[in-house]
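Bear in mind that the values in this text are calculations on the coordinates, not laboratory data. Treat the numbers as computed from the prediction; the structure is a model and nothing was measured. Here the Cβ positions follow ideal geometry from the backbone for every residue, glycine too, while neighbour counts run over all protein chains shown.
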Protein chains: 2
Amino acid sequence: MKNNPHNVDSAGSRLARMVERLKETDHRITPQRLAILQVLATSDGHPSAEDIYRQLVDHYPTMSPATVYKTLNLLKSQGEVLELEFSDLANRYDGRKPYPHPHVICTACGAVVDPAFQGLEEITARVVAETGFQIHTHRLDFFGICPSCRQQSVSTAKPEKG
Amino acid sequence: MKNNPHNVDSAGSRLARMVERLKETDHRITPQRLAILQVLATSDGHPSAEDIYRQLVDHYPTMSPATVYKTLNLLKSQGEVLELEFSDLANRYDGRKPYPHPHVICTACGAVVDPAFQGLEEITARVVAETGFQIHTHRLDFFGICPSCRQQSVSTAKPEKG
DNA sequence: CTGTTGTGGATAATTGTTATCCGTAAATAT
DNA sequence: ATATTTACGGATAACAATTATCCACAACAG
C-alpha cells in the first residue's frame, strides 16, 4: 500500500510524509509551516491559499499570506502538493493526492471534488505515441453544477407559468 | 459533415460562421472585428490575445489590446471560440475547434497542439453517474516537452562523461 | 438632420501571486 | 554560553494578464 502512489493516504501519514520530506531536504519545521501542512493534510476540499490563511490566522495571529504562498511553492517543488491553476479565480491545492487525477468543479459555488475514476494511463500512452511529446503530467477537469447548487437553482427559479 | 461539430471546419467556413453569428445577434462587423476573426479562423497554433494583437497592429495601427479582449469575450459568449486558461501565462484561444478537446502543451516553448484522439464521452458519462454533477464542459491537457525542444535540450546538454 | 446606440481605443483599476527587504529566530561553531 | 551564519516570517511593493471605465466617433433610425 505504501508503494502505491494512487491510494489516498490517511491525513496522518500525509502529514508525516510531508514533514519527513522537509527534514530530508534541510528545511525547518516551523510552527507556521506545520500548521499549513496540517491544513493540507486534513482538507479534502481543495483549499485556496486564502482559505488556508483564513483558517489559520485566528490561531496564528502573525500568519501572513506570503508565508502560505511560500510554503505551498516549497511543497509544490517537492511534489507534495498538487496545484490546480485557474486564471480567473484563486488556485486550489490538494495535499492529500499530490499526483494528477481528475477533478469535478462546480462553476456556481467553486466546489472541487475527486471522482473515483482513475486511469488516463492508456490515453496518455496514445498521446505520447502520436505527438512525440515527452509527457510529464496532465490535467483533467470537468466543469458543471453540483447537486447542491442544482437544487438551489430549482427552488429559486421562477415558476413555469403553470 | 456540416452537422458534425467534431470535425475541423475549413478556415473559410469558420470565418463565415463567426460572421453570420455576429450578424444574427445584431453585432456590427467592423474592420477590427473582422481582422480578429480572420486570425482566429486561420491560426492552428492557439494564439494568445497578445499574439493576435501583435499580428494585426502593423496592418491596423489603431488596433488596441482592449479590442482584442472584447472581441474574444464576445465570441466566447457565443461559443465560437474556446478559451484555454492558464494562471501563470496568457490564455490561449482556439477559433477553429471551439468545443472541448484535448491539448498537448509544451512547457518549454508554450506550443499547444491538438492530438487526434477524441472521445471523453464515456468517461464524462461515468463522472456524471458518480458525482451527480450536471457537466457542461471539460478540459484535458497533457503537459510535456515537444520533440523540437527535446532535440534542443539534447544538443545543448553536457556530455555524460563517457 | 438629429438623436440614439454601439464600438474602439486610451487609460485606470483589479486581483492573485511573486519579489524585495529587513528584523529575528534557529542552527552551528568556537 | 557566545559569536556567527543561515534560514525564515512578515510587511510591503511590484507584477502581469485581464477587465472596467470613460469618451470621442461612426453607424443607424426616425
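By how many nm would the segment from A:Gln118 to A:Thr42 grow when fully extended, if each residue of separation counts as 0.36 nm and the alpha-carbon distance is taken off?
Details: separation 76, 0.36 × 76 = 27.36 nm, distance 2.17 nm.
This chain segment gains 25.2 nm when fully extended.
Quick one: if you stick a label point 7 Å off each Cα along the C-beta vector at A:Glu130 and B:Ala108, how many nm between them?
Modelled inter-label distance: 2.2 nm.
Looking at the square roots a ≥ b ≥ c of the eigenvalues of the Cα gyration tensor of region B:33-162, which shape do they give, rounded for a/c under 1.5, prolate if a/b is larger than b/c, or oblate? Don't jump to the answer; show the numbers that get you there.
On the way: a/c = 2.53, a/b = 1.06, b/c = 2.39.
Oblate shape, in that a/c is at least 1.5 and b/c is the bigger or equal ratio.
Can you figure out the FRET efficiency of B:Ser10 with B:Thr62, using R₀ = 25 Å and their beta-carbon distance, to the nearest 0.05? Mind dumping the intermediate values first?
Working: r = 30 Å, r/R0 = 1.19.
Given R0 = 25 Å and the Cβ-Cβ separation, E is 0.25.
In this model, which of A:Lys97/B:Lys70; A:Lys97/B:Lys97; A:Lys70/B:Lys70; A:Lys76/B:Lys70; B:Lys23/B:Lys70; A:Lys23/A:Lys76 are farther than 27 Å apart at the alpha-carbon? Before the final figure, lay out the partial values.
On the way: A:Lys97/B:Lys70 38 Å; A:Lys97/B:Lys97 33 Å; A:Lys70/B:Lys70 35 Å; A:Lys76/B:Lys70 35 Å; B:Lys23/B:Lys70 16 Å; A:Lys23/A:Lys76 15 Å.
Listed pairs above 27 Å: A:Lys97/B:Lys70; A:Lys97/B:Lys97; A:Lys70/B:Lys70; A:Lys76/B:Lys70.
Please give the net charge around A:Asp94, taking every other residue with its beta carbon less than 15 angstrom from that of A:Asp94, where Lys and Arg add +1 and Asp and Glu add -1. Display every interim value, and only then the final one.
On the way: positive: A:Arg14, A:Arg17, A:Lys76, A:Arg92, A:Arg96, A:Lys97, A:Arg139; negative: A:Asp9, A:Asp44, A:Asp51, A:Glu80, A:Glu83, A:Glu85, A:Asp114, A:Asp141.
Net of charged neighbours comes to -1.
Over region B:6-162, what is the mean sequence separation of C-alpha contacts under 8 Å (at least six apart), divided by residue count, expressed as relative contact order in percent?
Working: 169 pairs, mean separation 31.1, N = 157.
Answer for region B:6-162 is 20 percent.
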